[in-house]
Amino acid sequence: MSSDLIEQALRRFLVLGQAMRRDAETLPVSVAQSAVLSRLRGGPKTVGELATAEGVRAPSMTQIINRMEEAGWVTRSEGPVRGRMVQITEAGQAVATAVREERAARLAKRFEGLPAEDLAALEAVLPVLDRIFGDPLT
C-alpha cells in the first residue's frame, strides 16, 4: 500500500472532519449528542453500549446523556444504574430529524454544481468508506 495514498487520504479526512465540525457549531446539538441520537433511533441502548460505539468512557457518556435527559431528548429506564436503557423521546426524534435534514441540506449545497461524473465517483466510493469505517449511522 502506498504511503502517499495514506497521506493524501489522511489530509482529506482531516479537512472533511473540520468542515463537519464547523457546520455542527450552529446546530442545536453537539457532535456527540447528534451521534447518540442517531444511534438511539435504532432502539434503546445502555450507556455502556453508547460509550463503546462512540469510543468514549462510560462516565463521559453519562455526562452527555445527563445533558440530553435535561433537554428532554432521552429518557432512562428504571432500575439499577448499571444496565438501564437509554431511549430517545419524541422531542429527541424531532431534534434528530431536524439536525439530519439540516446536515443533508448543507451537504447538498456543497454538492451543487458538481458534474455528474464527480457525483458518480462519490457514490462509487461510499462502499469503500463503509468497509474502512464501518456501517453508517441511521
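Taking the condition under 22 Å from residue 129 (Cβ atoms), small (Gly, Ala, Ser) and touching a Leu at 6+ places or on another chain (Cβ under 7 Å), does residue 38 pass?
Values: under 22 Å from residue 129 (Cβ atoms): yes; small (Gly, Ala, Ser): yes; touching a Leu at 6+ places or on another chain (Cβ under 7 Å): yes.
Yes.
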Testing residue 112 on (1) surrounded by 10 or more Cβ atoms within 10 Å (Cβ to Cβ); (2) over 22 Å from the mean Cα position of the chain (by Cα); (3) not small (Gly, Ala, Ser), one condition comes back false. Which one is that? (1)
Identity of the residue in segment 64-83, touching a residue at least 12 places away in the same chain (Cβ under 8 Å) and in a strand (DSSP E or B), that ends up nearest to residue 31 (Cα to Cα): 74
Name the one entry in 75, 62, 26, 52 that is under 15 Å from the mean Cα position of the chain (by Cα) and of a type in the set (Val, Ile, Thr). 52
When you look at residue 25, is it over 30 Å from residue 108 (Cα atoms), at pLDDT below 95, exposed (fewer than 11 other Cβ atoms within 10 Å of the Cβ) and of a type in the set (Asp, Glu), yes or no? no
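Test residue 132 against the stated conditions and say whether it is under 15 Å from the mean Cα position of the chain (by Cα) and either among the charged types (D, E, K, R) or part of a helix (DSSP H, G or I) (or both). It would help to see each step written out before you state the result.
Numbers: under 15 Å from the mean Cα position of the chain (by Cα): no; either among the charged types (D, E, K, R) or part of a helix (DSSP H, G or I) (or both): yes.
Against the criterion (under 15 Å from the mean Cα position of the chain (by Cα) and either among the charged types (D, E, K, R) or part of a helix (DSSP H, G or I) (or both)), residue 132 does not qualify.
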Let me spell it out: the conditions are (1) in contact with a strand residue (DSSP E or B) (Cβ under 9 Å, 6 or more places away or on another chain); (2) under 20 Å from residue 134 (Cα atoms); (3) among the basic types (Lys, Arg), and residue 100 meets all of them except one. Which number is the exception? (1)
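Taking segment 84-99, which residues are part of a helix (DSSP H, G or I) and without any contact (Cβ under 8 Å) to a residue 40 or more places away in the chain?
The answer is 90, 91, 94, 97.
The values are calculated or read from the model by the stated rules, or taken from the named source; none is laboratory data. Remember, predicted model here, so these are calculated numbers, not experimental data. Here Cβ is always computed from backbone atoms with ideal geometry, including for glycine, and neighbour counts include all displayed protein chains.
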